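In what follows, a structure is listed as structure tokens, so that the remarks can point back to it.
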Amino acid sequence: MKRGITILLVVVAVILAIYFAFSGLYNSIINREEDTKEKWSKVESQYQRRTDLFSNVVNTIKGSAEFEKSTLQAVIDARASATSVKVDPGKLTPESIQQFQAAQNNLNSAFSRLLVTVEQYPQLKTTQAFQDFQAQIEGTENRINKARDDFNASVLSYNSYIKRFPNNIMASIFGFAEKSYFKAAEGSDKAPEVDFN
């Protein structure tokens, strides 16, 4: 009888040890995955800040000058497209991140064309709204870069963790997939040049 109880206690102890080991691994994966999602939301937030800043400048231009409607409309359409692209933070695939990035690049390109047109209106460059824009755009681009760097660091931590043994077994069992990094498009390593002087 004592031998049976001893065996039962050993079996229960082994089962509990395995449970706690695997639950700890599982919870660590969840924590890293949630951190990645949170960092992605900060990337989106900073891009939204830039989009809103661009919108404010577009409204200033509409109110201060007679522009070619096609140039202004291109920015408005690109903004609508950029804000409509949403990425599920649980499915950060190369395709979804690329789609998000393409929409942001399209907005940036349309806005750059608009700024070229602004050069023909020197009085517009002296308005308070343009001066405010000039002060804010550099900081906004720096925030975007920081958010992307933080996101990529979080993805690195998550991906490395789920690839290590025995974590990879747990990740495979519960369907935790590798996340994609934010990779800048060629030439986007430079913030849009804005010079109103």
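We did not get these values from a lab; they are worked out from the coordinates using the rules stated. All values derive from a computational prediction rather than experimental measurement. Glycine gets a Cβ as well: all are built from the backbone with ideal geometry, and neighbour counts include every protein chain shown.
The residues neighbouring residue 150, those whose beta-carbon lies less than 11 Å from its own, together hold a net charge of +2 under the Lys/Arg +1, Asp/Glu -1 convention. Within the set of other residues whose C-beta is less than 13 Å from the C-beta of residue 52, count the net charge using Lys and Arg as +1 and Asp and Glu as -1. Cβ neighbours under 13 Å give a net charge of +2. Counting other Cβ atoms within 10 Å as a rough exposure proxy, the listed residues 14, 58 run 14, 58 from fewest neighbours to most. Peptide packing for 103-115, 22-34 was compared via the average number of neighbouring C-beta atoms within 10 Å per residue; ordered from the highest value, the list is 103-115, 22-34. Listing 9, 53, 156 from fewest to most neighbouring C-beta atoms within 10 Å gives 9, 156, 53. Potential lengthening of the chain between residue 164 and residue 86 amounts to 25.0 nm, from the contour at 0.36 nm per residue minus the alpha-carbon distance.
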